[in-house]
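The values are calculated or read from the model by the stated rules, or taken from the named source; none is laboratory data. All values reported here derive from a predicted model rather than from experimental measurement. Note that each Cβ is placed from the backbone with ideal geometry, even for glycine, and that neighbours are counted across all protein chains shown.
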Amino acid sequence: MVRTFILSLLLSVPSSVMAQNSDPTAPLDWMTGKIPAAKPGPVYYRVPSLQSIVCNDGGQCRAILNDRIVSKGESVSGYRVADISREYVTLTRGSKTWNLELFSQIKY
C-alpha cells in the first residue's frame, strides 16, 4: 500500500519540475548568441632591448634599441630616451626611469 502511494505521488509530479528547460551549467546569454564584453585589463609595455651605443668624437651618442637607431628625446615602444652616454641609456615612462647598460659589471 505504501509503495503504491509513493509511486502515485511520483507520477503526479508535473513534468516541468522533473526536467527544467534551462541548463544551469550553460554560460550566460548562450541562447541569445551574445558574448559578454571582456573587461580590459592592465596594459604592459616591454622595456626596449639595448643593442648598441655609438658616440662620435664630439660626444654626441646614438643608441640602437629594438633594431631602431634613436637619439636623445626620441621615443621607442612608448618609452622616451632621456639620455644616452657611453655606458648606458636612460629611458623614462611616466614617473619611472630605467638605465639600460650594454654589459653588466663582471667581477672576479
Sort out which residues of segment 24-64 are of a type in the set (D, E, K, R) and modelled with pLDDT of 70 or more, and write them in order of number.
K39, R46, D57, R62
For segment 82-108, name all the residues that are of a type in the set (A, V, I, L, M), within 25 Å of V43 (Cα to Cα) and either touching a Leu at 6+ places or on another chain (Cβ under 6 Å) or part of a loop (DSSP other than H, G, I, E, B) (or both).
V89, L100
